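Colleague: Next up is a structure, given as structure tokens.
The values are calculated or read from the model by the stated rules, or taken from the named source; none is laboratory data. Computed from a predicted model, the values in this text were never measured in an experiment. For neighbour counting, all protein chains shown are included, and Cβ atoms are generated from backbone atoms with ideal geometry for every residue, glycine included. For accessibility, only protein heavy atoms count, side chains too; no ligands or nucleic acids. Shrake-Rupley method; radii C 1.70, N 1.55, O 1.52, S 1.80 Å.
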Amino acid sequence: MDNRKVYMNYHNNLLQLEEHMYPLVDVDTPNVFRNLFPYDEVPKIAFNDRIVPHSMPDEIWITDTTFRDGQQSRAPYTTEQIVTIYDYLHRLGGPEGKIRQSEFFLYSKKDRDAVYQCLEKGYQFPEVTSWIRASKKDFELVKEIGLKETGILVSCSDYHIFYKLKMTRREALRHYLSIVRDCLEIGISPRCHLEDITRSDIYGFVIPFCLELMNLMGEYRIPIKIRVCDTMGYGVNYPGAVIPRSIPGIIYGLMVHAGVPSELIEFHGHNDFYKAVSNATTAWLYGACGVNCSLFGIGERTGNTPLEAMVFEYAQLRGSLDGMDTTVITELAEYYEKEIGYHIPEHTPFVGKNFNVTRAGIHADGLLKNEEIYNIFDTGKFLNRPAVVSVSNTSGIAGIAHWINTYYKLPDERKVGKDCELVAAVKIWVDEQYDDGRVTVMTDEEMVQKITEICREKEIIL
């Protein structure tokens, strides 16, 4: 205790006592936290009420894995699609580059062609990075293309170390450090993907490993990033939950005990327990500068943290979009639907067909009186998607006119009103439906079909 330094923490302006070092704890048998993860029961969330402080960094950002993890769960994108999506990401991130990086595979010619074409764009953001296997051949490929950073898989739970790699912790540590050193030797900045961290021995393996990585960074003076990979979605954001499931505890441990600076910590989550967004936001709140996401959450199994969700989380936390162009989110959704052929579930927040559609009659009445009553924000302004009211027996002729104007995105000079022949004909048809005993709202498909019939019959052009 006497030898530990007292130093000033300029983030909170308090004197602090230097933390003691955490050596590697080598074990003969794997610690798979069977008390928390009994395979024949639902996993347990335990608490010890050890609370760590919020530590929001001065700057936070988003990184993208649409072309890496996002391609592991769907048909591969074409080169043209990758380049087009990359253009969209550049526009979405805005002039401040809030979408900081995008990671790519390098294995196929298609992927390499996409990397070259994206590099030719000359964008500062998103920076093009790669994800490779831990081999010298792959390192050389990164160097040949001219990338400054690459991701490297370094699995850190005993599930992976003992059962998949067939190693001990010490053997895994030495293996990983040799791989990272190989990367540093050719001048490439490694991004260490700590796979399955939420089932890992944080203080027996993860912290000692990251301490060694920080020593290598000091030796080579090349940044080494730590990606906190909640591979199975076990992470929780609850204060006082025990590690390894505690996201606040993991981020705190990396910063305080391993000395990893916030700008080198990035969270990568999966949505197996519906916690990808809350865990990513929590990582920001407790000290990680980066959160790694994929468009529309497309990724392995239940998917990754949706990129579009974190755009709006960012705005809510910072009070500003800081230049991000959120209308691009709607353009991306339309591109995926029309050009790629990917169906976005209708109720997906921000991008689903029905995300800002009011169906309940009483809600529709409120929305027609004042949009703010049942719309989360000005969706017309931020997403080019005005609030829509589904038609029912309570919509009235004004509601039907509103539906037609918003669904067909009619400009002001062509908007229909209550005295329009088309609106009146639709109102008669709707009333007949409910007079016959209907109790559900009219679907968009039904409305479009009927409006098309009436327009054809009465020679009306919308």
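Colleague: With respect to ASP49, is the statement that it is at positive phi, open to solvent by 70 Å² or more (accessible area, probe 1.4 Å), among the charged types (D, E, K, R) and out of contact with any Ser or Thr (no Cβ under 9 Å at 6 or more places or on another chain) true?
Modeller: Spelling it out, ASP49 is indeed at positive phi, open to solvent by 70 Å² or more (accessible area, probe 1.4 Å), among the charged types (D, E, K, R) and out of contact with any Ser or Thr (no Cβ under 9 Å at 6 or more places or on another chain).
Colleague: Being within 17 Å of ASN304 (Cα to Cα), open to solvent by less than 20 Å² (accessible area, probe 1.4 Å), of a type in the set (Gly, Ala, Ser) and touching a residue at least 60 places away in the same chain (Cβ under 8 Å) is the requirement here; does GLY233 meet it? It would help to see each step written out before you state the result.
Modeller: On the way: within 17 Å of ASN304 (Cα to Cα): yes; open to solvent by less than 20 Å² (accessible area, probe 1.4 Å): yes; of a type in the set (Gly, Ala, Ser): yes; touching a residue at least 60 places away in the same chain (Cβ under 8 Å): yes.
In short, yes.
Colleague: With the condition kept exactly as written, say whether any residue in the range 231-247 is in a helix (DSSP H, G or I), touching a Ser or Thr at 6+ places or on another chain (Cβ under 8 Å) and modelled with pLDDT of 95 or more.
Modeller: At the first step, the residues of the range 231-247 found to be in a helix (DSSP H, G or I) are 247.
Imposing the further condition that a residue be touching a Ser or Thr at 6+ places or on another chain (Cβ under 8 Å) reduces the set to 247.
Cutting the leftovers down to modelled with pLDDT of 95 or more gives us 247.
Looking through the range 231-247, at least one residue is in a helix (DSSP H, G or I), touching a Ser or Thr at 6+ places or on another chain (Cβ under 8 Å) and modelled with pLDDT of 95 or more.
Colleague: Scan the range 86-106 for residues that are within 18 Å of SER130 (Cα to Cα) and either outside any loop (DSSP other than H, G, I, E, B) or open to solvent by 10 Å² or more (accessible area, probe 1.4 Å) (or both) and report the count. If you could, list the steps in order and put the result at the bottom.
Modeller: Narrowing the range 86-106 to residues within 18 Å of SER130 (Cα to Cα): 86-87, 89-90, 99-106.
Of the ones still in play, those that are also either outside any loop (DSSP other than H, G, I, E, B) or open to solvent by 10 Å² or more (accessible area, probe 1.4 Å) (or both) are 86-87, 89-90, 99-105.
Going through the range 86-106 one residue at a time, the tally reaches 11.
Colleague: Now for a separate question. Take the residues of the range 174-201 that are within 24 Å of GLY233 (Cα to Cα) and in a helix (DSSP H, G or I): which is modelled with the lowest pLDDT?
Modeller: TYR176
Colleague: Among the residues of the range 52-85, what is the count of those that are aromatic (Phe, Trp, Tyr) and open to solvent by 20 Å² or more (accessible area, probe 1.4 Å)?
Modeller: To start, the set of residues in the range 52-85 that are aromatic (Phe, Trp, Tyr) comprises 61, 67, 77.
Now restrict to residues that are open to solvent by 20 Å² or more (accessible area, probe 1.4 Å): 61.
Residues flagged as aromatic (Phe, Trp, Tyr) and open to solvent by 20 Å² or more (accessible area, probe 1.4 Å) within the range 52-85 amount to 1.
Colleague: Sticking with this structure for a sec: Just one of the numbered conditions (1) touching a helix residue (DSSP H, G or I) at 6+ places or on another chain (Cβ under 6 Å); (2) in contact (Cβ under 8 Å) with a residue 60 or more places away in the chain is not true of ASP444; which one?
Modeller: Result: ASP444 passes all but (1).
Colleague: Here's a follow-up. Only helices (runs of 4 or more DSSP H) wholly contained in the range 355-462 count here; list those with 3 or more residues that are closer than 30 Å to ASP322 by Cβ.
Modeller: Filter on the range 355-462 gives 379-383.
Colleague: Just the residues that are out of contact with any strand residue (DSSP E or B) (no Cβ under 9 Å at 6 or more places or on another chain) and either in a helix (DSSP H, G or I) or among the basic types (Lys, Arg) (or both), please, taken from the range 122-145.
Modeller: From the range 122-145, those out of contact with any strand residue (DSSP E or B) (no Cβ under 9 Å at 6 or more places or on another chain) are 122-124, 135-137, 140, 143-144; that's our starting set.
Those that are out of contact with any strand residue (DSSP E or B) (no Cβ under 9 Å at 6 or more places or on another chain) and either in a helix (DSSP H, G or I) or among the basic types (Lys, Arg) (or both): LYS136, LYS137, GLU140, LYS143, GLU144.
Colleague: Quick test for you: out of ASP26, ASP40, pick the one residue that is at pLDDT 95 or above, within 31 Å of the chain's Cα centre (by Cα) and of a type in the set (D, E, K, R). Before you say what the answer is, go through the steps one by one.
Modeller: Values: ASP26 fails: within 31 Å of the chain's Cα centre (by Cα).
Answer to the selection: ASP40.
Colleague: If you go through the range 209-221 one residue at a time, how many are in contact (Cβ under 8 Å) with a residue 60 or more places away in the chain and open to solvent by 10 Å² or more (accessible area, probe 1.4 Å)?
Modeller: Adding up the residues that qualify gives 1.
Colleague: Suppose we filter the range 23-46 for residues that are open to solvent by 50 Å² or more (accessible area, probe 1.4 Å) and either under 25 Å from ASP272 (Cα atoms) or in contact with a helix residue (DSSP H, G or I) (Cβ under 7 Å, 6 or more places away or on another chain) (or both); how many remain? Steps first, please.
Modeller: From the range 23-46, those open to solvent by 50 Å² or more (accessible area, probe 1.4 Å) are 23, 25-26, 28-29, 31, 34-35, 39-42, 44-45; that's our starting set.
Subsequent filtering for residues that are either under 25 Å from ASP272 (Cα atoms) or in contact with a helix residue (DSSP H, G or I) (Cβ under 7 Å, 6 or more places away or on another chain) (or both) retains 23, 25-26, 31, 34-35, 39-42, 44-45.
Selection size over the range 23-46: 12.
Colleague: So which of GLU334, GLU346, GLU339, GLU308 is free of Cβ contacts under 8 Å to residues at least 60 places away in the same chain, part of a helix (DSSP H, G or I) and surrounded by fewer than 17 Cβ atoms within 10 Å (Cβ to Cβ)?
Modeller: Details: GLU346 fails: part of a helix (DSSP H, G or I); GLU339 fails: free of Cβ contacts under 8 Å to residues at least 60 places away in the same chain; GLU308 fails: surrounded by fewer than 17 Cβ atoms within 10 Å (Cβ to Cβ).
On inspection, the qualifying residue turns out to be GLU334.
Colleague: Right, VAL206: β-branched (Val, Ile, Thr), out of contact with any Leu (no Cβ under 6 Å at 6 or more places or on another chain) and either in a strand (DSSP E or B) or farther than 20 Å from ASN292 by Cα (or both) or not? Walk me through it before giving the result.
Modeller: On the way: β-branched (Val, Ile, Thr): yes; out of contact with any Leu (no Cβ under 6 Å at 6 or more places or on another chain): yes; either in a strand (DSSP E or B) or farther than 20 Å from ASN292 by Cα (or both): no.
Criteria not met by VAL206.
Colleague: Which residues, taken from the range 190-226, are in contact with a Cys (Cβ under 8 Å, 6 or more places away or on another chain) and small (Gly, Ala, Ser)?
Modeller: Selection gives SER200 alone.
Colleague: Suppose the filter is in contact (Cβ under 8 Å) with a residue 40 or more places away in the chain, open to solvent by 10 Å² or more (accessible area, probe 1.4 Å) and polar (S, T, N, Q); does THR168 pass it? Break it down stepwise before answering.
Modeller: Numbers: in contact (Cβ under 8 Å) with a residue 40 or more places away in the chain: yes; open to solvent by 10 Å² or more (accessible area, probe 1.4 Å): yes; polar (S, T, N, Q): yes.
Spelling it out, THR168 is indeed in contact (Cβ under 8 Å) with a residue 40 or more places away in the chain, open to solvent by 10 Å² or more (accessible area, probe 1.4 Å) and polar (S, T, N, Q).
Colleague: Taking the condition surrounded by 24 or more Cβ atoms within 10 Å (Cβ to Cβ) and out of contact with any helix residue (DSSP H, G or I) (no Cβ under 7 Å at 6 or more places or on another chain), does THR198 pass? Let's see the steps before the verdict.
Modeller: On the way: surrounded by 24 or more Cβ atoms within 10 Å (Cβ to Cβ): yes; out of contact with any helix residue (DSSP H, G or I) (no Cβ under 7 Å at 6 or more places or on another chain): yes.
Considered against the rule, which asks whether it is surrounded by 24 or more Cβ atoms within 10 Å (Cβ to Cβ) and out of contact with any helix residue (DSSP H, G or I) (no Cβ under 7 Å at 6 or more places or on another chain), THR198 comes out as yes.
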